[in-house]
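Visitor: Quick one: the structure is below, questions incoming.
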Amino acid sequence: MQIIRNRLMVNHIPRFGFKYMSDSTFLNEEHLQIQKAALDFSKEKMLPYSAEWDKKHHFPKDVLRELAAMGFSTIYVKQESGGVGLDRLTASVIFEALSYGDVTTTAYLTIQNMCAYMVDQFGNEEQKKTWIPRFGTFDAFASYCLTEPNSGSDSKNMKTFAKKDGNDYVINGSKCFISGGSVSDVYLLMCKTSEKDVSCIIVEKGTPGLSFGKLEDKMGWNASPTSMVLFDNVRVPQSNLLGKEGNGFKMAMSALDGGRINIASCSLGGASFAFDLSKDYLHDRKQFGQPLASFQGLQFKFADMATNLVTSRLIVRQAAQMIDNNHPDKTLYSAMAKRYATDSCFNVANEALQLHGGYGYLSEYQIERIVRDLRVHQILEGTNEIMKVIISRNLLK
Amino acid sequence: MKVLVAVKRVVDSGIKVRVKPDGIDLQGVKMTINPFCEIAVEEAVRLKEKKLIAEIVAITIGPKQGAESLRHALALGADKAIHVTTDARIDQAVQPLDIANILAKIVERDNYNLVLMGKQSIDDDFNQTGQMLAGLLDWPQATFASNIQISDGIAQVIREIDGGLQTVKFKLPGVITCDLRLNQPRFASVPNIMKAKSKPLETIPLEKLGKLHNSIQITKTEAPAIRKGGAIVENVDVLLQKLRNEAKLF
């Protein structure tokens, strides 16, 4: 039996560039330079450890701090506030490159970026000074709390409530599926402050009444801790309100388009890795006296994978550019990009698994981890079904 | 102390090279900074961090895309860059003696105390430029450096040579070429990439500094022969016969 085990997959790290597919459409020289920096880091500091982090459910705080030192944790926070001040397209390129090495950690990094962005956009000077430098170094880990046990897609129907009491808010309720839950230092909580008003309040870990559920056991994203976040008469000063009362939804909306590009970009990197592994496998593996690459059925499958990957990349980058240019259709395109890229990239990874035959099912070959990690991208940051609601609503109004 | 670091833009070591009759196909091929040159830049930056040198200037010779390697050097920590522009093929027509002559002119123009470069470039593997430059300037040289110490104007370099390690010492100014184990270059962080954009980059057309003589001509470029399978022979006589008649060993 021809076994390919001695092709040390983990050490087979090409030094520069995505190994086989790296179009530079939409990218200028600065983007390419930054992409190279991110890819080099990803391949050296993340890819060799990704399998271990997944297996051990290890949250690599030290690597996240190194990512912060590279400038990757406050990518689109304004320079005046202490961030790097780059655009969404650069962020997409960075996340795509980093998720080539590890999807889960990169996805968590996008959350940190989003929380920093929200403080930068809507916080007052005091809040910006307090939090952005700490987010920028990963001195403080941030989480975003929106989903509740009874309100996922129907987020407006959330029940967590912050009631005014003197100069404080007293918060009661629960959030679930929170990435970074129990580990993060800071929680950006979206909650109701009146029957109709949704607001964003900053809650620090250690505040009395704030507790966490057990760490969830998930299909993938194992390197990222996920838990419920529980509020039992949690008292915070009203100065922890981010922006104005009732502006929570507008804030969430402004963060959402970018968040969708971010998660779609994470899908791109993971799929790219599965794709690169597949190309090598098709050449190396022989059956019936020929390499798999000579069988038309598999050639067609591979052609579809390539097309899916490239078209996903194109629509994600286009949507990112539209956000940067504040194009009137940015929400429409972001929804399309998220829906299309997350679905297509999952399919690329899934087909890659099939191409690898029995080996695809073994964790040693890494493909199955990519499949497990990418599966959730079709669900969070707005389910792909909700994306279709947004797209059709946008076009049919 | 001022350091000049010479960098070259070469074909990326990871890609599959396509051979055309007139040389390697450079069309659309991924190019990057020569790994040994990157090590030289990193060493210069480390020396600056140790406060042993005050200014790092990176220089390259090549077409306008060559500026990418300069910007990479600036992002790693160089202070200034010089781009000597030419449209000649950098993997064929820009040859060691010509490069050394041009670098010598810059060294004399700007008064450097030290020149750092990679030991060789991975496209032509000449391993000559540093040595020739030292000769032209009449400066001491230490090649294949795996360790560099500088103090009180004296450079002490450990060289990796065939027999092992050799330590040499010389009074600066001098030329040092860098080998693989000297250091591991840092990642260029995004803030540094952005800072690099505003660092000074001087452009000089090559004709102002020298000429390309093309004294070495490339007569043929071919890909290595595809590995053929071996054969199992029945006895030593057949082996000897094959070695003489087919492998033409004796």
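Visitor: Using each residue's phi in the stretch A:183-189, evaluate 6.51 cos²θ - 1.76 cosθ + 1.60 at θ = phi - 60° and report the 3J(HN,Hα) Karplus result to the nearest Hz, with x for Gly and Pro.
Guide: Whole-Hz 3J(HN,Hα) from phi for the stretch A:183-189: 9, 4, 8, 9, 10, 8, 9.
Visitor: Which whole-number value in Å³ per residue fits the convex hull of the alpha carbons of the stretch A:307-397?
Guide: Expressed per residue, the convex hull around the Cα atoms of the stretch A:307-397 is 94 Å³.
Visitor: Further question on the same structure: At 1.4 Å probe radius, can you tell me the per residue accessible area of the stretch A:89-235 in Å²?
Guide: Each residue of the stretch A:89-235 exposes 36 Å² on average to a 1.4 Å probe.
Visitor: Of the candidates B:Ile39, B:Ile232, B:Ile15, which one comes out as most mobile in a Gaussian network treatment of chain B with C-alpha springs shorter than 10 Å?
Guide: Its mean-square fluctuation being the largest, the pick is B:Ile232.
Visitor: Another question, then. Looking only at Cα atoms, what is the convex hull volume of the protein assembly as shown per residue, in Å³?
Guide: Spelled out: Cα convex hull of the protein assembly as shown, divided by residues, is 203 Å³.
Visitor: Could you work out how far helix B:96-110 tilts from the main Cα principal axis of chain B, as a 0 to 90 degree angle to the nearest 10?
Guide: The angle comes out at about 10 degrees.
Visitor: Just the number, please: carbon plus sulfur as a percent of the accessible area of the stretch B:45-133, 1.4 Å probe, no ligands or DNA/RNA counted.
Guide: 48
Visitor: Okay, next question. Compute the acute angle (0 to 90°) between the alpha-carbon long axis of helix B:236-245 and the principal axis of greatest extent of the alpha-carbon atoms of chain B; round to the nearest 10°.
Guide: Compared with the principal axis, the helix lies near 60 degrees.
Visitor: Related question: Could you look at the stretch B:135-207 and say what percent of its accessible area is carbon and sulfur, using a 1.4 Å probe and all protein chains?
Guide: The nonpolar share, carbon plus sulfur, comes to 49 percent.
Visitor: Further question: Could you work out the local net charge near A:Asn308, counting Lys and Arg as +1, Asp and Glu as -1, over the other residues with Cβ closer than 10 Å to its Cβ?
Guide: It works out to a net charge of -2.
Visitor: Can you give the relative contact order of chain A as a percent, counting alpha carbon pairs under 8 Å and 6+ residues apart?
Guide: RCO, chain A: 16 percent.
Visitor: Further question on the same structure: For the protein assembly as shown, with only Lys/Arg (+1) and Asp/Glu (-1) charged at the beta-carbon, what is the dipole magnitude about the Cα centre, in debye rounded to 20?
Guide: 340
Visitor: With every atom except the alpha carbons ignored, what do you get for Rg and Dmax of the stretch A:77-138, in angstroms?
Guide: Gyration radius and largest Cα-Cα distance of the stretch A:77-138: 12.0, 37 Å.
Visitor: How well do other chains shield peptide A:76-87, expressed as the mean number of their Cβ atoms within 10 Å of each residue Cβ?
Guide: What the average comes to for A:76-87 is 1.
Visitor: For the stretch B:151-163, just list the computed ³J(HN,Hα) in residue order, Karplus coefficients 6.51, -1.76 and 1.60, θ = phi - 60°, integers in Hz, with x standing in for Gly and Pro.
Guide: Calculated HN-Hα couplings, in order: 7, 6, x, 10, 9, 10, 10, 9, 9, 8, 10, 4, x Hz.
Visitor: Anything in chain A that counts as a DSSP H helix reaching 24 Å or more along its axis (C-alpha) with Kyte-Doolittle mean of at least -1.0? List them, would you?
Guide: A:103-122, A:248-284, A:296-324, A:330-355
Visitor: Name the residue, out of A:Glu66, A:Glu364, A:Glu195, whose mean-square fluctuation peaks in a Gaussian network model built on chain A with Cα pairs under 10 Å.
Guide: Top of the fluctuation ranking is A:Glu195.
Visitor: Let me ask something else about it. Using only the alpha-carbon atoms, how far is helix B:35-49 inclined from the longest principal axis of chain B? Give it as 0 to 90 degrees, nearest 10.
Guide: Its long axis makes an angle of about 30 degrees.
Visitor: Something else: If the reach is capped at under 17 angstrom between alpha carbons, list the aspartates and glutamates near A:Lys128, excluding any in the same chain fewer than eight residues apart.
Guide: Here the aspartates and glutamates satisfying the reach criterion relative to A:Lys128 are A:Glu80, A:Asp120, A:Asp139, A:Asp185, A:Glu204.
Visitor: Within 10 Å of each Cβ of B:178-190, how many other protein chain Cβ atoms are there on average?
Guide: 4
Visitor: Next question, about the same structure. Once you've got the Cα coordinates, tell me which of B:Lys8/B:Lys105; B:Lys171/B:Lys199; A:Lys279/A:Lys301; A:Lys61/A:Lys163 are over 23 Å apart.
Guide: B:Lys171/B:Lys199; A:Lys61/A:Lys163, as the Cα separations exceed 23 Å there.
Visitor: Going toward the positive end of the dipole of chain B, with +1 on Lys and Arg Cβ and -1 on Asp and Glu Cβ, which of B:Leu47, B:Gly163, B:Gln217 do you reach last?
Guide: Checked the options; the winner is B:Leu47.
Visitor: What's the long-distance tail for chain B, i.e. % of Cα pairs beyond 33 Å?
Guide: So the portion of pairs separated by more than 33 Å is 27 percent.
Visitor: Let me ask another. Compute a Gaussian network model of chain B, connecting alpha carbons closer than 10 Å, and tell me which residue from B:Met194, B:Met31, B:Met132 fluctuates the most.
Guide: B:Met194
The values are calculated or read from the model by the stated rules, or taken from the named source; none is laboratory data. Here the structure is a predicted model, which is why all the values come from computation and not from measurement. As a convention, Cβ positions derive from the backbone with ideal geometry for all residues, glycine included, and neighbour counts pool all protein chains shown. Side chains included, ligands, DNA and RNA excluded: accessible areas come from the protein's heavy atoms. Shrake-Rupley method; radii C 1.70, N 1.55, O 1.52, S 1.80 Å.
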